[in-house]
Amino acid sequence: MATLIASENFSPIEDAEVLRKSVKGWGTDEKAIISILGHRNAAQRKQIRLSYEQSYQEDLLKRLESELSGDFEKAVYRWILDPADRDAVLAHVAIKKSGCNYNVIIEIATILSPEELFAVRKAYQVRYKHSLEEDLAAHTTGDIRKLLVALVTAYRYDGGEINAKLAKSEADILHDAIKDKAFNHDEIIRILSTRSKTQLMATFNHYRDDHKISISKTLLEEGADDLQKALHVVIRCLNDHKKYFEKVLRNGIRRLGTDEDALTRVIVTRAERDLKDIKEVYYKKNSVPLEHAVAKDTSGDYKDFLLTLLGKE
């Protein structure tokens, strides 16, 4: 369930007017920006951007970019974008980072539905005049490239059917490859990048039942290389993305110096989807409400904006 508390009675023209006043003249009224944008869903935000441009002949995104700064600006900018366009931006930033942040690519490729992933790939092309897979291939090498390109170009079947016999045989294939430390085996990449999520759940369950250990734990051995770590993230995202995101938040908050990029990414991308469920997982794991942890580790308008998206009035 979502944490976003969206206003049901809203006027895009009135919202655009309030936002215009908040950025006009000396100083910026950040509180007004948070009170409007922090309570509007994706469709409403799109209408506000359109009304703002029609009324004032300027792009709201560009105006806010010039008026805001730091983590607050980054969070607001990503929040206003259409979801597919936002994921395209996140993917591009991850690819261009020194040493490609492949976790972000894996999240997008494995957690989104086939249609949503396809929409991200289209948005990426429109925005950057390159394909996502083209840029990904240019900034990665070897087995990581093979895995990531296979994942982002997949169009998985999204139905609920399960072939139990196939699940058992592919669980054995995965087990044998992992036991032989053949992590770059074509069959591992084929299975993880083409099978439906429902089918993979059955395969992972067979793996655990037949070999008395979860597939993700077998990939967590000491000294694991980048490919093993990437495969571990793939399986965690496919298996239970809410638990995966809880760990991303926990690591982002606990590390020496908060990982604001991770914090922003999870809250902004999940607030309209299942952030309430992720909050529950976080509380069970840490015995601290996520809002309290975020409030303790952030400050100012950035903190207020994240807490608004987390559903705190």
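The values are calculated or read from the model by the stated rules, or taken from the named source; none is laboratory data. Owing to the predicted nature of the structure, the values given are computational and were not obtained by experimental measurement. No Cβ is skipped: glycine too gets one built from the backbone with ideal geometry, and neighbour counts run over all protein chains shown. Each accessible area value is taken on the protein alone, full model and side chains, heavy atoms only, with ligands, DNA and RNA left out. Shrake-Rupley method; radii C 1.70, N 1.55, O 1.52, S 1.80 Å.
How many of the residues making up segment 121-134 are in a helix (DSSP H, G or I) and either in contact with a Leu (Cβ under 7 Å, 6 or more places away or on another chain) or surrounded by fewer than 18 Cβ atoms within 10 Å (Cβ to Cβ) (or both)?
Here the count works out to 9.
Conditions (1) open to solvent by less than 10 Å² (accessible area, probe 1.4 Å); (2) of a type in the set (D, E, K, R); (3) not assigned by the TED database to the domain that holds D135, marked per residue:
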{"residue": "S7", "(1), (2), (3)": "no, no, yes"}
{"residue": "G27", "(1), (2), (3)": "no, no, yes"}
{"residue": "Q44", "(1), (2), (3)": "no, no, yes"}
{"residue": "A75", "(1), (2), (3)": "yes, no, yes"}
{"residue": "G99", "(1), (2), (3)": "no, no, no"}
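Among the residues of segment 249-267, which ones are open to solvent by 30 Å² or more (accessible area, probe 1.4 Å), outside any helix (DSSP H, G or I) and touching a residue at least 24 places away in the same chain (Cβ under 8 Å)?
Matches in segment 249-267: none.
Given the residues I36, I80, which is the only one that is within 18 Å of E272 (Cα to Cα) and open to solvent by less than 10 Å² (accessible area, probe 1.4 Å)?
Testing whether each residue is within 18 Å of E272 (Cα to Cα) and open to solvent by less than 10 Å² (accessible area, probe 1.4 Å) leaves just I80.
When you go through L136, L50, L68, L61 one by one, which is the residue that is at pLDDT 95 or above and under 27 Å from T194 (Cβ atoms)? Spell out the reasoning first.
Numbers: L50 fails: under 27 Å from T194 (Cβ atoms); L68 fails: under 27 Å from T194 (Cβ atoms); L61 fails: under 27 Å from T194 (Cβ atoms).
That would be L136, the only listed residue that is at pLDDT 95 or above and under 27 Å from T194 (Cβ atoms).
If I ask for residues that are buried (at least 20 other Cβ atoms within 10 Å of the Cβ) and polar (S, T, N, Q), which ones from segment 282-307 would you list?
Passing the criteria: only T298.
Just checking, how many residues over segment 268-286 are free of Cβ contacts under 8 Å to residues at least 40 places away in the same chain and farther than 18 Å from R78 by Cβ?
Total meeting the criteria: 7.
Of all the helices (runs of 4 or more DSSP H) wholly in segment 174-227, which have at least 2 residues that are within 23 Å of A150 (Cα to Cα) and among the hydrophobic types (A, V, I, L, M, F, W, C)?
186-194, 197-211
Against the condition crowded, with 19+ Cβ neighbours inside 10 Å and touching a Pro at 6+ places or on another chain (Cβ under 7 Å), how does I48 come out, does it pass?
yes
Taking segment 125-177 on its own, how many of its residues are over 26 Å from I213 (Cα atoms) and of a type outside the set (G, A, S)?
Matching residues across segment 125-177 total 23.
Consider segment 271-281. How many of its residues are open to solvent by 10 Å² or more (accessible area, probe 1.4 Å) and more than 17 Å from K303 (Cα to Cα)?
Residues of segment 271-281 open to solvent by 10 Å² or more (accessible area, probe 1.4 Å): 272-274, 276-277, 279-281.
Imposing the further condition that a residue be more than 17 Å from K303 (Cα to Cα) reduces the set to 272-274, 276-277, 280-281.
Count: 7.
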